[in-house]
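Reviewing the structure listed below.
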Amino acid sequence: MNNFIKRTITGTIFVIVIVGAVLWNPWIFAVLFLLVSLGGLLEFFRMTRTAGLEVARSVMLVIGATVYGMITLVLNNLLEPAYLLFALLILPLLLALELFRKKGNPFLNVATALIGLIWIVIPLALLNGFFLKGAEPGWMHSGSLLGFFLILWIYDSGAYIFGSLMGKHRMLERISPKKSWEGFIGGTLTGSLTAFLISASFREFSLLQWLLIATIIIIFGTIGDLVESMLKRSTGVKDSGTLLPGHGGILDRFDAVLLAAPAVFLLLQFLR
């Protein structure tokens, strides 16, 4: 099957599942992205294993699920933020564990584990803080999160289409040979247009605020995409996985989210 067709079918199902979870129930969304977080961690650890790094994967899956759950509960006012201080024990725990694992590169193993936690789990957990507290379920309650995904997806699609049709000038060829400035400009236009259009329906923010959110998403999303390409280059892996036909793995599909989500979450704290 043509890769574009597979990419379109997978992308359509992907959008339906995520939008459905966002609108249906915040806890359904939380569980869905817990699974995405753990799947992303596994992909990351499989990739870094090719570089000779042996992370304690089972332990990190438990830690990742715990950290994700705690952040989600704090964001929903069901747990005191002080409980997050227990995360300070993660580094001593991992260092102590390396004393008994008898693996090479113990400090690099710990560093890799922490990168996976900070780069993958925490950003995806922060998405649970995009919901508008106190609002009834629906557009207002989930508008920020839907807007975030819509801008990001349409930016990504615009960049892919414009880059495929007109891409000649490469952004960072040694990292991502296919990513072009033409694609970036096309994606920026489509992402900004999306922000303009949704500002009429998602009224939590003004047009200028939505355009600011779109700018943050585009900048950090692009960096996130390049960072994941850098990871693939450094580990000699073509795709992070095969879970999503036409897209690759979880990290291939969520690479832009991983850096855009924390930046937008921070911005929302000042806009609300």
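The values are calculated or read from the model by the stated rules, or taken from the named source; none is laboratory data. For clarity, every value in this text was computed on a predicted model and none was experimentally measured. So basically every Cβ, Gly included, is an ideal-geometry build from the backbone, and we count neighbours across all protein chains shown.
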Item to check | Cβ-Cβ under 9 Å pairs, at least 6 apart or on other chains, region 47-72 side closer than 15 Å to residue 35 by Cβ and without any contact (Cβ under 8 Å) to a residue 40 or more places away in the chain, far side of a type in the set (Ser, Thr, Tyr) and crowded, with 22+ Cβ neighbours inside 10 Å | outcome: 65/37
Next on the checklist: Residues that are more than 19 Å from the chain's Cα centre (by Cα), closer than 30 Å to residue 270 by Cα, charged (D, E, K, R) and surrounded by fewer than 20 Cβ atoms within 10 Å (Cβ to Cβ): does region 178-196 have at least one?
Outcome noted: no
Checklist entry - So is residue 148 under 16 Å from the mean Cα position of the chain (by Cα) and among the hydrophobic types (A, V, I, L, M, F, W, C) or not? => result yes
Next on the checklist: Looking at (1) farther than 21 Å from residue 126 by Cβ; (2) in contact with a Ser or Thr (Cβ under 7 Å, 6 or more places away or on another chain); (3) of a type in the set (A, V, I, L, M), which one does residue 99 not meet, given that it meets all the others?
Outcome noted: (2)
Next on the checklist: Can you tell me which of (1) modelled with pLDDT under 95; (2) buried (at least 19 other Cβ atoms within 10 Å of the Cβ); (3) farther than 27 Å from residue 133 by Cβ is the one residue 22 doesn't meet?
Outcome noted: (3)
Item to check | Test for residue 191: is it modelled with pLDDT of 95 or more and either at positive phi or not basic (Lys, Arg) (or both) | outcome: yes
Checklist entry - in contact with a Ser or Thr (Cβ under 7 Å, 6 or more places away or on another chain) and closer than 18 Å to residue 22 by Cα: does that describe residue 145? => result no
